[in-house]
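Written out below as structure tokens is the structure these notes cover.
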Amino acid sequence: MQPLLIPTPATWLPTALADVPAVLIDHAHCEKKAAAHAMGLVSQYGDYTALVLPLVALAQEELRHFRQVVKIMQARGLTLSQDAGDPYVQRLMREARHGRAQRLVDRLLIASLVEARSAERLGLLGDGLAAANDPADAALAPFYQRLAKTEAGHHRLFVRLARRIEPAAAVVLRLSALAEVEAEAMVAQPPEARIH
Ligand SMILES: [Fe+2]
Ligand SMILES: [Fe+2]
């Protein structure tokens, strides 16, 4: 299922390719937050037994991505700067409903959309980097192409996890409502050298 209602604007990729170091630093923060978010869900919703092991495995995978990006950064002499925050994700999180189970479903579905957007953009980056003039940038292409596929898998995982809590039809409805907010939040962001 393709959850994203609109594609990333064409202006984003050239902006990102013009400052690969900034993209790498932001990407590292994204992977770190994805791992922390998965473990945060385990901390708060450990009583939803069916979610625990998949979320721990996800956290391990995101942490591995974080380590890989930090390694690439360090090879280029880049430092993990202060995390400037992510207004796009913050906007989406404001949509999460308040009842405990409903909030969990929304957090899973918001995460699924963030993963889908990340997958789209990492794929764009992979293709863009493959054509880069700088050999060090071009060498990153396979890494990003691989990650794009993995993050698309995370999108599907989060939707499956939401279905363990709410009936499939309710999940589809809620996902399409949140996808509209995602599209608004995405276009509200000026194109910058960051993942989202
Ligand atoms: Fe990741
Ligand atoms: Fe992910």
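Brief remarks follow.
- Which numbered condition residue 68 fails, given (1) assigned to a loop (DSSP other than H, G, I, E, B); (2) polar (S, T, N, Q); (3) closer than 18 Å to residue 152 by Cβ: (1)
- Some residue of the stretch 31-47 being at pLDDT 95 or above, in contact with a Leu (Cβ under 6 Å, 6 or more places away or on another chain), open to solvent by less than 30 Å² (accessible area, probe 1.4 Å) and not in a helix (DSSP H, G or I): yes
- Enumeration of residues in the stretch 87-114 that are among the charged types (D, E, K, R) and either within 14 Å of ligand 2 (Cβ to nearest atom) or open to solvent by 10 Å² or more (accessible area, probe 1.4 Å) (or both): 91, 94, 95, 97, 100, 103, 107
- Scope the stretch 65-86; condition more than 14 Å from ligand 2 (Cβ to nearest atom), of a type in the set (Val, Ile, Thr) and open to solvent by less than 60 Å² (accessible area, probe 1.4 Å); matching residues: 70, 72
- Criterion violated by residue 62 - all others in (1) at pLDDT below 95; (2) surrounded by 19 or more Cβ atoms within 10 Å (Cβ to Cβ) satisfied: (1)
- Filter result for the condition that a residue is away from ligand 1 (no atom under 14 Å from the Cβ) and at pLDDT below 95, over 106, 83: 83
- Complete set of residues in the stretch 115-131 that are away from ligand 1 (no atom under 11 Å from the Cβ) and either open to solvent by less than 30 Å² (accessible area, probe 1.4 Å) or part of a helix (DSSP H, G or I) (or both): 116, 117, 120, 121, 123, 124, 125, 126, 127, 128, 129, 130
- Tally, over the stretch 132-172, of residues that are touching a residue at least 12 places away in the same chain (Cβ under 8 Å), open to solvent by less than 50 Å² (accessible area, probe 1.4 Å) and within 15 Å of ligand 2 (Cβ to nearest atom): 13
- Search result, residues across the stretch 48-59 that are more than 14 Å from ligand 2 (Cβ to nearest atom) and either open to solvent by less than 20 Å² (accessible area, probe 1.4 Å) or in a loop (DSSP other than H, G, I, E, B) (or both): 48, 51
The values are calculated or read from the model by the stated rules, or taken from the named source; none is laboratory data. Quantities reported herein were computed from a predicted structural model and do not represent experimental measurements. Cβ: placed from backbone, ideal geometry, glycine included. Neighbour counts: every protein chain shown. Keep in mind that these areas ignore ligands, DNA and RNA; they rest on the heavy atoms of the full protein, side chains included. Shrake-Rupley method; radii C 1.70, N 1.55, O 1.52, S 1.80 Å.
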